[in-house]
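Read the structure below first, then the notes.
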Amino acid sequence: MTAPTQVRDSVLRRVAHAVLTRAVRGRKERGGEWGEAVLAEFGETRGDWEAVRWAAGGLRTVWRERRSRARQLPRPLRVARGTALVLVAGLLAGFVVSRYVMSVGYIPTGSMEPTLQISDRVLLDRITYRATGLRRGDLVTFTKAADPGSAPHTLLKRIIGLPGDTIECRDGRVWRDGSPLDEPYLTLGPEEDRTDCSPVTVPEHQLYLLGDHRIVSIDSREYGTVDEDTVEARVVGRIWPMRD
């Protein structure tokens with residue numbers, strides 16, 4: 001008489017069992033009473049989806065069991081745990097906001113004077129501009145390597161030209177598409193500014209960027225247009241120190 005063939009568990013059943021086991025026991029040899037009971041009856045399930053539903057129900061049971069045990073802890077310990085969770089959540093939220101939404105930037109050079117001066121702090125928008133798009137006149141931070149092969153660093157400049165714009169610098173002024181720009185943020189007159197650059201039409205997905213302090217700023221006049229993808233944030237405004 002031939003012995004019956006043993007049917008091996010499917011991958012889905014094995015994954016469901018592994019997840020449930022991890023939830024019940026963690027790194028311990030045995031978990032709580034309710035969780036162990038659910039885990040022990042896992043083998044009675046039939047089929048993949050019944051196993052998945054059983055595991056999902058087991059996860060809810062484990063969660064309720066842990067909450068029940070937590071309520072039995074002394075109040076000072078519960079308060080300490082709750083405080084720790086709030087602090088961890090706050091730190092995580094702060095990191096996410098700073099990294100992906102809003103952050104504060106520091107101005108290390110005078111290339112944007114008089115608009116922004118050395119040691120000013122500015123608020124940086126890291127997400128909204130991706131939906132609204134960049135505009136001429138925006139101040140943006142972007143990454144660029146100082147030399148080929150070197151590590152990129154962050155710079156801050158003003159958008160002068162968008163894709164399709166023709167930019168030229170002559171007679172101490174910047175011209176866009178044949179018209180001189182009105183730049184009230186500059187303090188030097190044409191005879192002092194020394195703004196000079198060859199005519200260039202900004203390619204697709206590129207930006208033409210200049211610093212406001214044209215004498216000292218190293219910008220698109222030297223290294224050419226900048227890829228839009230290198231932009232990290234748009235300056236919302238200066239937040240410190242407060243000046244008129």
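The values are calculated or read from the model by the stated rules, or taken from the named source; none is laboratory data. Remember, it's a predicted structure, so these values are computed and weren't measured experimentally. Note: ideal-geometry Cβ built from the backbone for every residue, glycine included; neighbour counts use all protein chains shown. The protein model used for the area step is the full one, side chains on, heavy atoms only, and it has no ligands, DNA or RNA in it. Shrake-Rupley method; radii C 1.70, N 1.55, O 1.52, S 1.80 Å.
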Every residue from segment 169-185 that is surrounded by 11 or more Cβ atoms within 10 Å (Cβ to Cβ), modelled with pLDDT under 95 and among the acidic types (Asp, Glu): Asp171, Glu183
Considering only residues that are of a type in the set (D, E, K, R) and farther than 17 Å from Gly137 by Cα, look in segment 197-243 and name the one that is least open to solvent (accessible area, probe 1.4 Å). Arg243
So which residues in segment 136-158 are open to solvent by 40 Å² or more (accessible area, probe 1.4 Å) and basic (Lys, Arg), if there are any at all? Arg136, Lys144
Taking the criterion of being among the basic types (Lys, Arg) and in contact (Cβ under 8 Å) with a residue 40 or more places away in the chain, would at least one residue in segment 153-174 satisfy it? yes
Can you confirm whether segment 48-69 contains a residue that is among the small types (Gly, Ala, Ser), part of a helix (DSSP H, G or I) and open to solvent by 50 Å² or more (accessible area, probe 1.4 Å)? no
Against the conditions (1) at pLDDT below 95; (2) closer than 19 Å to Ile118 by Cβ; (3) within 24 Å of the chain's Cα centre (by Cα); (4) of a type in the set (Val, Ile, Thr), where does Thr132 fall short? Just the number, please. (2)
Please verify whether Tyr106 is open to solvent by 70 Å² or more (accessible area, probe 1.4 Å), closer than 26 Å to Met242 by Cβ and at pLDDT 80 or above, treating the condition exactly as stated. yes
